[in-house]
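The values are calculated or read from the model by the stated rules, or taken from the named source; none is laboratory data. Because the structure is predicted, anything quoted here is derived from the model rather than measured. We place every Cβ from the backbone using ideal geometry, glycine too, and count neighbours over all the protein chains shown.
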Amino acid sequence: VFFGIMFLLSIAELFFSVDSFQYLQRKHKWHSKTERARLAFLIFSSARTILLSAVYCGFHCARKHFHSMFHTAFLVISTILWIVSGVLIHQMWGVIDCNEGVGSIRDGLSECHELKIIEIIAWVLAGVSVLATIPVVMNAMKRRKRQAERKTHTSG
């Protein structure tokens with residue numbers, strides 16, 4: 001379920017990030033090289049999450065293969081990268097001129113609207129990653145504890 005949510009949110013994040021990137025590239029409106037690098041990082045994070053969550057969703061029937069640390073490592077890395085993405089996008093509010101705030105959507109989405117949408121999706125993806133990581137880490141700890149108990153019972 002969590003990987004399905006991450007998959008769908010990453011598609012939305014990728015859509016808005018690519019749209020903003022193309023707009024800024026076409027109009028030559030980059031406020032800094034940092035802004036361009038941050039959007040490129042978001043596009044990378046979105047594409048990586050789409051690919052990996054699609055793999056996990058596709059192999060959902062073969063759950064026995066997911067009891068390895070690769071599953072946990074993917075979730076921990078995703079959590080870290082989405083938190084970093086949220087922070088980087090949040091810091092762009094100081095770079096882009098949105099003095100009047102986000103405002104209403106009358107004439108379509110402005111750059112400020114898209115940036116806020118991108119930031120919200122990044123934070124939601126970070127939250128979903130955290131929620132998905134908790135049970136996986138707890139199961140891994142239980143499994144290790146059971147294995148340690150078996151070793152002490154068989155050796156003692």
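Points to keep in mind about this one:
- Per-region count, region 29-62, residues assigned to a loop (DSSP other than H, G, I, E, B) and modelled with pLDDT of 75 or more: 4
- Test: residue in region 86-93 that is part of a helix (DSSP H, G or I) and at pLDDT below 75: yes
- If only residues of region 63-85 that are of a type in the set (Ser, Thr, Tyr) and buried (at least 16 other Cβ atoms within 10 Å of the Cβ) are counted, the one that is modelled with the lowest pLDDT is Thr72.
- Count of residues meeting criterion [in a helix (DSSP H, G or I), closer than 30 Å to Arg38 by Cα and either out of contact with any helix residue (DSSP H, G or I) (no Cβ under 6 Å at 6 or more places or on another chain) or not aromatic (Phe, Trp, Tyr) (or both)] in region 110-156: 25
- Scanning region 116-147 for residues that are of a type in the set (Asp, Glu) and surrounded by fewer than 19 Cβ atoms within 10 Å (Cβ to Cβ) gives no hits.
- Of residues in region 16-28 being more than 20 Å from Ala122 (Cα to Cα) and either assigned to a helix (DSSP H, G or I) or in contact (Cβ under 8 Å) with a residue 24 or more places away in the chain (or both), the one nearest to the chain's Cα centre (by Cα): Gln25
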